[in-house]
Amino acid sequence: MRIEVLAWSRGRKRLTVILSDVVLSLAATWIAFSLRLDTLNVPTPIQARIYLIAPLIAIPIFVRLGLYRAIFRYSGQAALVATAKAIALYTLVLSVVLFSTQWEMVPRSLGILQPLVFLILIGASRAFARFWLAGLERQQGGEAMKRLLIFGAGTAGVQTAVAMAVSRQFKLVGFVDDDPAKVGRSINGVMVSSARDMKRLVQEDDITDVLLAMPNATRQRRLSIVQSLNALPVHVRTLPSLADLATGRVTVQDFRELDIEDLLGRDPVPPQAELMARDVTGKVVMVTGAGGSIGSELCRCIALQRPQTLLLLDHNEYGLYRIHQELEALCRIHALEVVLTPLLGSVTQSERMQALCAMHRPGTVYHAAAYKHVPMVESNPGEGVLNNVFGTLTMAMAARACGVQRFVLVSTDKAVRPTNIMGATKRMAELALQAMAAQPQATLFSMVRFGNVLGSSGSVVPLFRQQLASGGPLTVTHPDVTRYFMTIPEAAQLVLQAGAMGQGGDVFVLDMGEPVKIIDLAHRMVQLSGLSVRDAANPQGEIDISITGLRPGEKLFEELLIGDNPQPTQHPRIMKAQEAYLPWPVLERHLQDLRTAALANDETAMRTILAQCVQGFPAPNVNNQDH
């Protein structure tokens, strides 16, 4: 029966509250008479008029001021203020009635005393209803309210605690903080404990969730906290960045899952403004592959540098539409006077690329268009060659013919001693630009090579998220496979800065930090979700990790350099590689043969030609058992 109360219609609930307020009004009138006359009141006929008049005045005022629109189990300070205003108006009306009638045996002070008692009774009833109904709601949900620890007793943490009290979705058990000056103190009745006591608190207080309310904390600090919770069954969440909290207001809706980007990505080095703007501000800039992961982030970074025109080129209509809409909104928000021009077409279309460059005259081209999924290109080698090699070559030649000042190729660490077609095609594209750069010309060609970007369409992170959402298993190809990782924003900023330093034929290599074992990444993502891995050591875990075996062309380890001794640049995370290349007359003959083989979809011929040009790529007879 008690649980059924929550299922009552809104009208039935409202009528119940109105009737209870009528009863409380009668009770307040009796208490006020008894206190004022110093005896238990037995109302006379005249006094009975007050018992009747009081609810007739109060209920219409309460209805008019919206007291019966509140949902008690979620009501907070605003509801209390509204109640106080209603009682104040009620006091005024009742006092006017009593002073104007001057009934016998009805004290005029009753106009103040009765509303005061009425306010106390209503406040108590609302508080009781709030906690009772919230308890019924938890019973109906079949589970106890989640028990929360907030890591961080600063401004964000305190605002979060206020949000907790209103939302009733979590029970705040305590704060945890590194600052010794805060430890042992109480914030709104909740104790602040030392970070060293985190494990004990989680175990003793049955903590289910930990919220990192530290929007300005470094990723290393976040990582150390999460690592300290690895063996504990808690769900880790976080608040947005300081910029997102600039309004000074926190709600439960601001909570987000602690993404793996928060842990794997390094603390970014602030971009050098002069390098960011050098080839962009006030100029016509083209981005190929603008709808892709890297291309779209490049567009965002470029737009904020206020180019004159930003040309968005992609062969994917929906991807192009989406980034164009997003950039238009970005320009409105930041009052950017940037001409955004979406261009639909493929970089393999020579005449189309020549016409676009001749029409729009870009000063800088960032070439991010590529097929980059290793298994997909391995299954479609001809298309991979045509898009990655000859799409790059077509775009570079169009840029050179139209006097483009800088052409920057977005490359990959998979181009270094590749074992797959995708990596070999990207290295072949690098070789083509290196050979073109060695010829006298106005266009400066350069390449920027880096590893995996977190959250891109080709990254393992979105795959793991999808597998977690469906209950697992998480699939890892080999227990020893490792990869370099970088966040998309950092990669895009470094591409802009590296491209600005190019002198012609440069191969820039980004500092990717330390490589990460993919199986460790899988474990971290399971732990961040508040779950545990099911294995021999923990057969009761919720998520399996399955080893599926290396895919065709997949390497255990990726490299960033072919040669040795990379040279430093003016940016601490950008290096310049010293790598050999083939002269254009020699490379041109190989390119002609490669195009013929790609158009004929002759995989053996393509692999043979790539092996002749790309250092480390195996000839077909070395690895043909995989194909």
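Here are a few things to note about the model shown:
- Here VAL226 meets each of (1) part of a helix (DSSP H, G or I); (2) modelled with pLDDT of 80 or more with one exception, condition (2).
- Meets criteria (surrounded by fewer than 17 Cβ atoms within 10 Å (Cβ to Cβ), of a type in the set (Phe, Trp, Tyr) and over 27 Å from LEU211 (Cα atoms)) for PHE557: yes
- Set side by side, the residues MET422, MET436, MET376, MET447 differ, and just one is touching a His at 6+ places or on another chain (Cβ under 9 Å) and either hydrophobic (A, V, I, L, M, F, W, C) or surrounded by 21 or more Cβ atoms within 10 Å (Cβ to Cβ) (or both), which is MET422.
- Residue within the range 459-469 that is touching a residue at least 40 places away in the same chain (Cβ under 8 Å), more than 14 Å from ASP413 (Cα to Cα) and of a type in the set (Val, Ile, Thr) present: yes
- Residue check, ARG589 of a type in the set (D, E, K, R) and surrounded by 17 or more Cβ atoms within 10 Å (Cβ to Cβ): no
- Condition check for VAL365: at pLDDT below 95 and either crowded, with 19+ Cβ neighbours inside 10 Å or of a type in the set (Asp, Glu) (or both): no
- Here GLN441 meets the list (1) of a type outside the set (Ser, Thr, Tyr); (2) assigned to a loop (DSSP other than H, G, I, E, B); (3) over 22 Å from LYS576 (Cβ atoms) almost entirely, failing just condition (3).
- Among the residues here, PRO115 does not qualify as modelled with pLDDT of 85 or more and exposed (fewer than 13 other Cβ atoms within 10 Å of the Cβ).
- Picking from residues in the range 193-223 that are assigned to a helix (DSSP H, G or I) and of a type in the set (A, V, I, L, M), the one that is surrounded by the most Cβ atoms within 10 Å (Cβ to Cβ) is VAL202.
- Annotation: PRO583 fulfils all but one of (1) free of Cβ contacts under 8 Å to residues at least 60 places away in the same chain; (2) more than 30 Å from the chain's Cα centre (by Cα); the unmet one is (1).
- Residue count for the range 87-112 under the criterion of being closer than 14 Å to ALA28 by Cβ and either modelled with pLDDT of 85 or more or in contact with a His (Cβ under 8 Å, 6 or more places away or on another chain) (or both): the result is 5.
- GLN305 vs. criteria of a type in the set (S, T, N, Q), farther than 22 Å from ALA429 by Cβ and surrounded by 17 or more Cβ atoms within 10 Å (Cβ to Cβ): yes
- Note on the range 168-182: residues that are of a type outside the set (Gly, Ala, Ser) and under 12 Å from GLY154 (Cα atoms) amount to 6.
- Extreme residue, surrounded by the most Cβ atoms within 10 Å (Cβ to Cβ), among residues of the range 141-192 that are more than 26 Å from the chain's Cα centre (by Cα) and at pLDDT below 70: ALA144
- Test for GLN325: is it surrounded by fewer than 18 Cβ atoms within 10 Å (Cβ to Cβ), in contact with a helix residue (DSSP H, G or I) (Cβ under 8 Å, 6 or more places away or on another chain) and farther than 26 Å from ALA498 by Cβ: no
- For the range 471-539, the strands (runs of 3 or more DSSP E) that sit wholly inside it and include 3 or more residues that are at pLDDT 85 or above and more than 28 Å from the chain's Cα centre (by Cα) are 506-510.
The values are calculated or read from the model by the stated rules, or taken from the named source; none is laboratory data. Just so it is clear, the structure is predicted and the values come from calculations on it, not from any experiment. Note that each Cβ is placed from the backbone with ideal geometry, even for glycine, and that neighbours are counted across all protein chains shown.
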